[in-house]
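Colleague: Structure incoming, see below.
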Amino acid sequence: MKTYAVMGLDKSGLASVQYLRAKGCRVMAWDDNPAQRERAKALGAEITDLAEGAYDCELVLTPGIGPAHKVAQRFKSHISDIELFARDNPDATVVGITGTNGKSTTTALIHHILKSANIKAEIGGNFGTSPLALPPADVYVIELSSYQLTRCPSLRVKIGIMLNLTPDHLERHGDMQGYAAAKANLFNGNSGTAIYGVDDEYSRAIGAQALQKGWHTLPLNVPDTGQYESFDLTQLPTLPGAHNWQNAIAAILACRTLGLSDSVIAQGLASYPGLAHRQQLVAEHNGLTFINDSKATNADATSKALGCYDNIYWIIGGRAKAGGLNGLEGYIPRIRRAFIIGECAQEFGEWCTTHDVAHEQCGTLDVATAKAAQLAKTEKCTGAVVLLSPACASLDQFKGYEERGTIFMSLVQNLLKGKAA
């Protein structure tokens, strides 16, 4: 009986436990959360404090745990649930999507187009569901983070999409070179179709490396007009802005590679409902629009939303990433006022002061939402938008960006019901 250890019993960890136990493996498991340990125990895992002792089996690590963790140091080999899937499904048709920003939208969009074309497709990975928990499919559309890509050496995607690379997760990877090296693992092996962005040097270099290894490469050239061959990307209301045009073109190229016609792809693009928490329209009321962009957890992601709207009442803050708000200076004329929440309050307040951005400290999301809505109502600017695009991680006040976005939407609806906006 083969033995594995699993550390971190989130969705991917529990899926790994269940999968390995179904294969007849012995599984030792640990999580600091007692409730998660009980769930793993119910699946047949042996609850073991993995911080004690040394082990010669493989350790399945949840993506959020780094290699310097005290438990990780006790194991020679660290793998992920993605690696377990790849080992047992070497011939699966996998579309792998990575990049700093846009990967969730692109993943969801490709999956939607395939499902619209009646192709048996499943979606997972960093998107939310472990591939180990997915039913059999003709195509697996898998979002892959840099953390996951460092722990799945057996993964061989049929189509790999590298969208863009800007500073993020540098505390884990050390520097941009380390971050780029992790992303480049998407193109393990020497065959497949590599779709890559051309707007940053790191993505271009990764695309060139894939070409040298034998991959068929397709660059992501995004036209300024939004006209891409027979596709008019400006007519896609759920995909606003040039950054979403890049996502759409990536989906077009991937779906063409899978054999879909342009007419079928166009139908799928037109019916795409949009991605929750990513420039998601929450409500429109008396000329004021509320947008939930909670998934924008760094400045580059937030820049995409700031570039789409004028007269912005901007809710920002949380746990700051490296670089903070640097790089957003060009969007300042669009910002009416910033409303700051979370533990980055001092840092973001100093940035706003330095760049003459009107702002106020609000502390919490409910206060910021109410103040932003009230000021927008008072000023009555044409095209006014209350935009939650925090440019921060959420874990100082929320369980994740999803909870942050959901609470924002609820706050907006409550304001509107109370005629407060």
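The values are calculated or read from the model by the stated rules, or taken from the named source; none is laboratory data. What you are looking at is a predicted structure, and each value in this text was computed from that prediction instead of being measured. No Cβ is skipped: glycine too gets one built from the backbone with ideal geometry, and neighbour counts run over all protein chains shown.
Colleague: Determine which single condition residue 410 fails, assuming it passes every other condition in (1) among the hydroxyl-bearing types (Ser, Thr, Tyr); (2) over 12 Å from residue 369 (Cα atoms); (3) without any contact (Cβ under 8 Å) to a residue 60 or more places away in the chain.
Modeller: (2)
Colleague: Checking the structure you have, find out if any residue of the stretch 49-62 is assigned to a loop (DSSP other than H, G, I, E, B) and either within 30 Å of residue 121 (Cβ to Cβ) or in contact (Cβ under 8 Å) with a residue 60 or more places away in the chain (or both).
Modeller: Yes: the stretch 49-62 contains one or more residues that are assigned to a loop (DSSP other than H, G, I, E, B) and either within 30 Å of residue 121 (Cβ to Cβ) or in contact (Cβ under 8 Å) with a residue 60 or more places away in the chain (or both).
Colleague: For residue 365, indicate whether it is buried (at least 22 other Cβ atoms within 10 Å of the Cβ) and farther than 28 Å from residue 418 by Cβ.
Modeller: So residue 365 fails the test.
Colleague: Something else now. Look through 35, 51, 42 and report the one residue that is under 24 Å from residue 135 (Cα atoms) and not polar (S, T, N, Q). Step through it out loud before you land on a result.
Modeller: Numbers: 35 fails: under 24 Å from residue 135 (Cα atoms); 51 fails: under 24 Å from residue 135 (Cα atoms).
Every option except 42 fails the conditions.
Colleague: Is one or more of the residues making up the stretch 81-98 within 27 Å of residue 391 (Cβ to Cβ), modelled with pLDDT under 95 and buried (at least 22 other Cβ atoms within 10 Å of the Cβ)? Please lay out each step first, then the result.
Modeller: So in the stretch 81-98, the residues within 27 Å of residue 391 (Cβ to Cβ) come out as 96-98.
Right, trim to modelled with pLDDT under 95 and you get none.
Looking for residues that are within 27 Å of residue 391 (Cβ to Cβ), modelled with pLDDT under 95 and buried (at least 22 other Cβ atoms within 10 Å of the Cβ), one finds none in the stretch 81-98, hence no.
Colleague: Mind listing whichever residues of the stretch 16-25 are surrounded by fewer than 24 Cβ atoms within 10 Å (Cβ to Cβ) and either in contact (Cβ under 8 Å) with a residue 12 or more places away in the chain or assigned to a loop (DSSP other than H, G, I, E, B) (or both)?
Modeller: Scanning the stretch 16-25 gives 18, 19, 21, 23, 24, 25.
Colleague: On to the next question. I'm checking my understanding of the structure. Among residues of the stretch 181-220 that are without any contact (Cβ under 8 Å) to a residue 60 or more places away in the chain and either on the phi > 0 side of the Ramachandran plot or basic (Lys, Arg) (or both), which one is surrounded by the most Cβ atoms within 10 Å (Cβ to Cβ)?
Modeller: 192
Colleague: Restricting to the stretch 108-156, name every residue that is modelled with pLDDT of 95 or more and of a type in the set (D, E, K, R).
Modeller: 115, 120, 122, 138, 143, 156
Colleague: For the stretch 278-306, which positions are assigned to a loop (DSSP other than H, G, I, E, B) and modelled with pLDDT under 95? I'd like the intermediate steps shown before the answer.
Modeller: Residues of the stretch 278-306 that are assigned to a loop (DSSP other than H, G, I, E, B), as a first pass: 278-279, 286-287, 293-298.
Selection gives 278, 279, 286, 287, 295, 296, 297, 298.
Colleague: Specify which of the listed residues (105, 62) is crowded, with 24+ Cβ neighbours inside 10 Å, of a type in the set (S, T, N, Q) and either under 17 Å from the mean Cα position of the chain (by Cα) or modelled with pLDDT of 95 or more (or both).
Modeller: 105
Colleague: Another question, then. What number goes with the only condition from (1) in contact with a His (Cβ under 9 Å, 6 or more places away or on another chain); (2) at pLDDT below 95 that residue 174 does not pass?
Modeller: If we test residue 174 against (1) in contact with a His (Cβ under 9 Å, 6 or more places away or on another chain); (2) at pLDDT below 95, just (1) comes out false.
Colleague: I've got another one for you. Can you say whether residue 31 is outside the structural domain of residue 149 (by TED's automatic domain parsing) and touching a residue at least 40 places away in the same chain (Cβ under 8 Å), as far as the supplied structure shows?
Modeller: It is false that residue 31 is outside the structural domain of residue 149 (by TED's automatic domain parsing) and touching a residue at least 40 places away in the same chain (Cβ under 8 Å).
Colleague: Out of all the residues in the stretch 307-331, which are part of a helix (DSSP H, G or I) and exposed (fewer than 15 other Cβ atoms within 10 Å of the Cβ)?
Modeller: Correct list: 329, 330.
Colleague: Kindly establish whether residue 253 is touching a strand residue (DSSP E or B) at 6+ places or on another chain (Cβ under 8 Å), assigned by TED's automatic domain parsing to the domain that holds residue 390 and among the aliphatic types (A, V, I, L, M).
Modeller: no
Matching residues to (1) under 29 Å from residue 304 (Cα atoms); (2) assigned by TED's automatic domain parsing to the domain that holds residue 12; (3) among the hydroxyl-bearing types (Ser, Thr, Tyr); (4) buried (at least 22 other Cβ atoms within 10 Å of the Cβ):
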site: 113; (1), (2), (3), (4): yes, no, no, yes
site: 127; (1), (2), (3), (4): yes, no, no, no
site: 130; (1), (2), (3), (4): yes, no, yes, yes
site: 146; (1), (2), (3), (4): yes, no, yes, yes
site: 156; (1), (2), (3), (4): no, no, no, no
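Colleague: Output the number of the condition that residue 396 fails; it satisfies all remaining conditions of (1) closer than 25 Å to residue 275 by Cα; (2) of a type outside the set (Val, Ile, Thr); (3) in contact (Cβ under 8 Å) with a residue 60 or more places away in the chain; (4) surrounded by 16 or more Cβ atoms within 10 Å (Cβ to Cβ).
Modeller: Going through (1) closer than 25 Å to residue 275 by Cα; (2) of a type outside the set (Val, Ile, Thr); (3) in contact (Cβ under 8 Å) with a residue 60 or more places away in the chain; (4) surrounded by 16 or more Cβ atoms within 10 Å (Cβ to Cβ) one by one, residue 396 breaks only (4).
Colleague: Just name the residue that is nearest to residue 415 (Cα to Cα) out of those in the stretch 332-371 that are assigned to a loop (DSSP other than H, G, I, E, B) and among the small types (Gly, Ala, Ser).
Modeller: If we filter the stretch 332-371 for residues that are assigned to a loop (DSSP other than H, G, I, E, B), which is where we start, we get 342-344, 355-358, 364.
Narrowing the set further to residues that are among the small types (Gly, Ala, Ser) leaves 342, 358.
Values: 342: 21, 358: 23 Å.
Out of the qualifying residues, it is 342.
Colleague: If I ask for residues that are closer than 19 Å to residue 101 by Cα and not small (Gly, Ala, Ser), which ones from the stretch 238-271 would you list? Steps first, please.
Modeller: Narrowing the stretch 238-271 to residues closer than 19 Å to residue 101 by Cα: 238-254.
Within the stretch 238-271, 238, 239, 240, 243, 244, 245, 246, 247, 249, 252, 253 qualify.
Colleague: OK, next. Hey, could you check the stretch 252-276 for residues that are assigned to a loop (DSSP other than H, G, I, E, B) and either of a type in the set (Phe, Trp, Tyr) or modelled with pLDDT of 95 or more (or both) and say which is surrounded by the fewest Cβ atoms within 10 Å (Cβ to Cβ)?
Modeller: Only one residue tops the list, namely 259.
Colleague: Just checking, does the stretch 343-361 include any residue being closer than 13 Å to residue 386 by Cβ and not assigned by TED's automatic domain parsing to the domain that holds residue 244?
Modeller: No, the stretch 343-361 has no match at all.
Colleague: Let me ask you something else. Report, by residue number, each residue of the stretch 26-42 that is buried (at least 20 other Cβ atoms within 10 Å of the Cβ) and either within 17 Å of residue 87 (Cα to Cα) or aliphatic (A, V, I, L, M) (or both).
Modeller: 27, 28, 29, 40
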